[in-house]
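Down below is the structure, laid out as structure tokens.
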Amino acid sequence: MAVHSHNHAHDHAHSDGRSDAAARGHSHTHDGIDWSSRLNFLRQADELDAEARAVVARRLVRTLPDKPTVLDVGCGAGGMSVALVEALSARGGGTVVLVDSTPELLDAAAHAARSAATYGTDTTRATVQVRPVLADLATERPVEIAGPAQLVWASNVVHHLPDQRAAVTALVEAIAPGGWLALAEGGLTGKFLPYDLGIGEPGLQDRLSAARAEWFVRMREDTTDSVRLSGGWNLLLSDTGLVDVTAFSYLIDHPAPPKPAVRDWAVDQLRWHDEVAGHLLHPADRRTVKQLLDPQDPAYLGLRDDVFLLTANTVYLGRKP
Ligand SMILES: C[S@@+](CC[C@H](N)C(=O)[O-])C[C@H]1O[C@@H](n2cnc3c(N)ncnc32)[C@H](O)[C@@H]1O
């Protein structure tokens, strides 16, 4: 997934490319992905990302005015929502508005964010309001449902919308003058397997990543009314009128030997790779993947001490004049 980001926390489709919900016509997304089935996986990833995201959240809210409104659009299971709540409650409070089109994910995110907002009996922490909003970002304007905000955080959601330029333009519309857009897209493709697993051909990780990159291209192509971008995200942010456009990347680094959460995540990640892109692999690699996913096989990934998680996510920043 060459330009896809958050390389470990997303994207699941059935092998025919359509989710059950989409097949039943109930999907509120446009990418054919059954997001409600991704809840546990997103939660797992949120747990592994928590430390890094806490740093990012503190960095993003540092320059905001008192008691700001922050939007977390495409909030998923709410990992960053929690980080934003905690960052705001440590500096005088504010409001965090969560927006997502998948009810199960929005509920989970709201629950997690509210728990963070009412954390314990620590009276030194300021009040943060949490407001969940169920909305399809491809058809509803954030400014009408959730704005204006001093910070809009959008992590790995824009690339699931048909017209990414229109989506970013609509996010910018929801920003108050002087406020910021923080768009997390792209970065480095995540790794979790050692180069030589001792079975199959060495270098499986790179071939899996290449297969997934191929799947990502098809996912964009198959999104109804999909529109291509004309360049990188920084150019798009400038085109929408934002100034002071910059970017930074943050690392998610859980080295081997893996703690149980990393091991569980790695098994799910491999299973997901297999589901969406396994058919693009050489049959010999498919056999290796099958072995790695078989709890009865001695090579089962869930028993290995040499898996890890290493990835980098890029955050593009721009300020509304
Ligand atoms: C890859 S997850 C990202 C979750 C979280 N922001 C993160 O970075 O971990 C994509 C999220 O976008 C949501 N989403 C997809 N299409 C959407 C749409 N049209 N409107 C609103 N949310 C959407 C999904 O429900 C899911 O929660």
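The values are calculated or read from the model by the stated rules, or taken from the named source; none is laboratory data. Treat the numbers as computed from the prediction; the structure is a model and nothing was measured. Ideal geometry is used to build each Cβ from the backbone, glycine not excepted, and the neighbour counts take in all protein chains shown.
Can you name the number of the only condition in (1) within 14 Å of the ligand (Cβ to nearest atom); (2) over 13 Å from Leu151 (Cβ atoms); (3) free of Cβ contacts under 8 Å to residues at least 60 places away in the same chain that Gly74 fails?
With respect to (1) within 14 Å of the ligand (Cβ to nearest atom); (2) over 13 Å from Leu151 (Cβ atoms); (3) free of Cβ contacts under 8 Å to residues at least 60 places away in the same chain, Gly74 is out only on (3).
Can you find a residue in region 137-145 that is buried (at least 22 other Cβ atoms within 10 Å of the Cβ), within 16 Å of the ligand (Cβ to nearest atom) and of a type in the set (A, V, I, L, M)?
The answer is yes; a qualifying residue exists.
A quick yes/no check of all residues on (1) at pLDDT below 95; (2) crowded, with 17+ Cβ neighbours inside 10 Å; (3) aromatic (Phe, Trp, Tyr):
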site: Ala211; (1), (2), (3): no, yes, no
site: Arg228; (1), (2), (3): yes, no, no
site: Trp233; (1), (2), (3): no, yes, yes
site: Val243; (1), (2), (3): no, no, no
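May I ask you to verify whether Leu106 is within 12 Å of the ligand (Cβ to nearest atom) and either surrounded by 15 or more Cβ atoms within 10 Å (Cβ to Cβ) or not in a strand (DSSP E or B) (or both)?
When the stated conditions are applied, Leu106 passes them.
Check Ala154, Ala117 and return the single one that is closer than 28 Å to Ala247 by Cα, hydrophobic (A, V, I, L, M, F, W, C) and either away from the ligand (no atom under 15 Å from the Cβ) or touching a residue at least 40 places away in the same chain (Cβ under 8 Å) (or both).
Ala154
Away from the ligand (no atom under 13 Å from the Cβ) and either touching a His at 6+ places or on another chain (Cβ under 8 Å) or of a type outside the set (Asp, Glu) (or both): does that describe Gly178? Before the answer, list the steps.
Numbers: away from the ligand (no atom under 13 Å from the Cβ): yes; either touching a His at 6+ places or on another chain (Cβ under 8 Å) or of a type outside the set (Asp, Glu) (or both): yes.
Here the answer is yes, as Gly178 does meet what is asked.
Test Tyr250 against the criterion of being within 28 Å of Asp46 (Cα to Cα) and touching a residue at least 60 places away in the same chain (Cβ under 8 Å), and give yes or no.
In short, yes.
Is there a residue in region 297-309 that is surrounded by fewer than 19 Cβ atoms within 10 Å (Cβ to Cβ) and within 26 Å of Leu161 (Cβ to Cβ)?
no
Quick check on Leu98: is it of a type in the set (A, V, I, L, M), within 14 Å of the ligand (Cβ to nearest atom) and crowded, with 17+ Cβ neighbours inside 10 Å?
yes
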